[in-house]
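Down below is the structure, laid out as structure tokens.
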Amino acid sequence: MWRSLKLAVTSLHKNFHRLIKETPVETVYIDQNRLSHFNPVIDSIRIYFVLFRFILSSLTTALIDFTVFIICSSLGLNVLLSIFSARLIAGNYNFIINKKIVFRSESNLILSLVKYWALVVLLGSISYLCIQTLVTYLNLNVILSKAIVETLLFVVSFAVQRELIFYSEENTK
């Protein structure tokens with residue numbers, strides 16, 4: 001059986017390499033690329049500034065979120081209600097800051113708000129499940145668990161907000 005499997009894998013490997021063919025592509029610069037609108041320094045700075053604004057927005061939102069979460073937890077609310085309360089308050093703040101300051105979006109307010117809250121619910125659900133898993137199965141502290149999970153969800157949130165929620169023509173330039 002192992003010999004047959006090995007022969008099948010070897011045959012598949014040989015046939016796979018026949019399907020892939022390297023094709024050289026010539027780079028053509030017309031008039032020494034003078035018509036290009038790409039400026040490596042300026043365009044890179046623009047990208048980094050959006051990311052920097054998002055980081056600042058996220059940090060202030062996280063501060064609000066953590067504060068509300070800790071207050072709710074200390075008042076005896078369970079993890080789900082604590083997350084819900086924290087997200088509701090911090091999420092509204094974050095939506096306004098991200099739309100107006102971070103992404104400078106002129107997208108439709110209602111459509112952006114609906115998509116944003118769909119993302120909040122999705123990420124909040126993922127956050128809840130992950131926090132509960134870390135607390136229940138690894139016996140981690142709930143606050144530490146929240147910090148770990150939220151850090152990992154940060155990148156996902158940026159990409160979705162930039163590309164799907166606050167999309168504008170400026171983001172593609």
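Please treat every number below as a calculation from the coordinates, not as lab data. Remember, it's a predicted structure, so these values are computed and weren't measured experimentally. As a convention, Cβ positions derive from the backbone with ideal geometry for all residues, glycine included, and neighbour counts pool all protein chains shown.
Peptide packing: for 104-117, 122-135, the average count of neighbouring Cβ atoms within 10 Å per residue gives the ranking 122-135, 104-117, highest mean first. Seen from F66, the other residues with C-beta closer than 12 Å to its C-beta sum to a net charge of 0, counting Lys and Arg as +1 and Asp and Glu as -1.
Each label point was placed 7 Å from the Cα along the Cα-to-Cβ direction; for I42 and L113 their separation is 3.7 nm.
Ordering D31, D43 by the number of other Cβ atoms within 10 Å of each residue's own Cβ, fewest first, gives D31, D43. Zone of Y93 (label point 7 Å along Cα→Cβ, backbone N under 14 Å): which residues in the stretch 61-87? Within reach of a label on Y93, which here means backbone N under 14 Å from a point 7 Å along Cα→Cβ, the stretch 61-87 contributes 61-72, 85-87.
The modelled label-to-label distance for the pair L80/L138, using points 7 Å beyond Cα in the direction of Cβ, is 2.3 nm. Residue exposure proxy: V28, V102, ordered by other Cβ atoms within 10 angstrom of their Cβ from fewest to most, comes out as V28, V102. The H on the amide N of L140, modeled in the peptide plane, is under 5 Å from the matching H of V135, each at least 5 residues off or on a different chain. Under a model in which nothing but the beta-carbon of Lys, Arg (+1) and Asp, Glu (-1) is charged, the stretch 42-172 shows a dipole of about 140 debye around its Cα centre.
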